[in-house]
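Laboratory data are not the source of any read-out in this text; all were calculated from the coordinates shown. Only a predicted model underlies this, so the values are computations on that prediction, with no experimental measurement involved. Neighbour counts are summed over all protein chains in view; Cβ atoms, including those assigned to glycine, are modelled from backbone coordinates with ideal geometry.
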Amino acid sequence: MTRFSLTIIHPYPDYPLFHVLGDRKVDRNLAWNGGTAAAEGAACIALASQEKTEAVIEISDEPRALADSFLRHTIAISDSSIQIAGHVESKEARDPDNPGLIGDLGWSNKATLQFRSPEGFALSDDRLILPTSIELLITPPFS
């Protein structure tokens, strides 16, 4: 199990997103459902408006369900890696030149993403319930 933090800097604070990209060869066109979006090769979460978002990422090679997750989605991956899109900073990055790249997951083909918001949710101006914090658990897919 690996656990680390990222800071996502939102260039447009009115539209802050946490966007996870998988395999480039599959569909990554997002279908929005309220404040979340998913595709075969991507997942995206709209966040409560802020300039920066601290995200905690945990990678585990054992699938397990988070009881309080608000989104669970399995994406296709290639090269056993995923990408956190956007302007990302991290003192704990695996690749200092590309801190949003999370490689060497330890498995390939698919990854299950589970999102939770330990600090709760806020109501947006558009009446969407959006997370105020992000924790992401990345595991192999459930059988």
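Taking the Cα centre of the range 2-139 as origin and charging only Cβ (+1 Lys, Arg; -1 Asp, Glu), how large is the dipole, in debye to the nearest 20?
260
Return the loop-located trypsin sites (Lys or Arg not before Pro) in the range 1-85 (DSSP other than H, G, I, E, B) with at most 14 other Cβ atoms within 10 Å of their own Cβ; answer none if there are none.
In loop regions of the range 1-85 (DSSP not H, G, I, E or B), the sparsely surrounded trypsin sites (Lys or Arg not before Pro) are Arg24, Lys25, Arg64.
Measure off 7 Å from each Cα along the Cα-to-Cβ vector at Asn33 and Val56, then give the distance between these two points in nanometres to one decimal.
2.7
Along the Cα→Cβ direction, 7 angstrom out, place labels at Phe70 and Phe4. What is the inter-label distance in nm?
The answer from the label model is 2.6 nm.
Putting +1 on Lys and Arg Cβ atoms and -1 on Asp and Glu Cβ atoms, find which of Ala76, Phe18, Gly100 reaches farthest to the positive end of the dipole of the chain.
Toward the positive end, the furthest listed residue is Ala76.
Using alpha-carbon positions, what is the distance between the centroids of the range 1-54 and the range 125-143, in Å?
9
So which trypsin sites (Lys or Arg not before Pro) in the range 80-143 end up in coil per DSSP with only 11 or fewer other C-beta atoms within 10 Å?
Lys91, Arg127
If you take every DSSP beta bridge fully contained in the chain, what fraction is antiparallel? Give it as a percent rounded to 5. Walk me through the numbers on the way to the answer.
Working: 43 of 48 bridges.
Bridges in the chain are about 90 percent antiparallel.
Modelled label-to-label distance, Ser80 and Leu128, 7 Å Cα→beta-carbon offset: nm?
3.5
Using r as the Cβ-Cβ distance of Lys91 and Glu40, and R0 as 35 Å, what FRET efficiency do you calculate, to the nearest 0.05?
Efficiency for this residue pair is about 0.60.
If I take every Cα pair under 8 Å that is 6 or more residues apart in the range 20-68, average their sequence separation and divide by the length, what percent do I get for the relative contact order?
25
Computed from these coordinates, which is volume of the Cα convex hull per residue in Å³: (i) 234; (ii) 207; (iii) 107?
Correct label, based on the coordinates given: (iii).
Could you give each residue of the range 39-52 its phi-based ³J(HN,Hα) in whole Hz, using Karplus coefficients 6.51, -1.76, 1.60 with θ = phi - 60°, and x for Gly or Pro?
Per-residue couplings from phi come out as 8, 4, x, 6, 8, 9, 10, 7, 10, 4, 4, 6, 7, 9 Hz.
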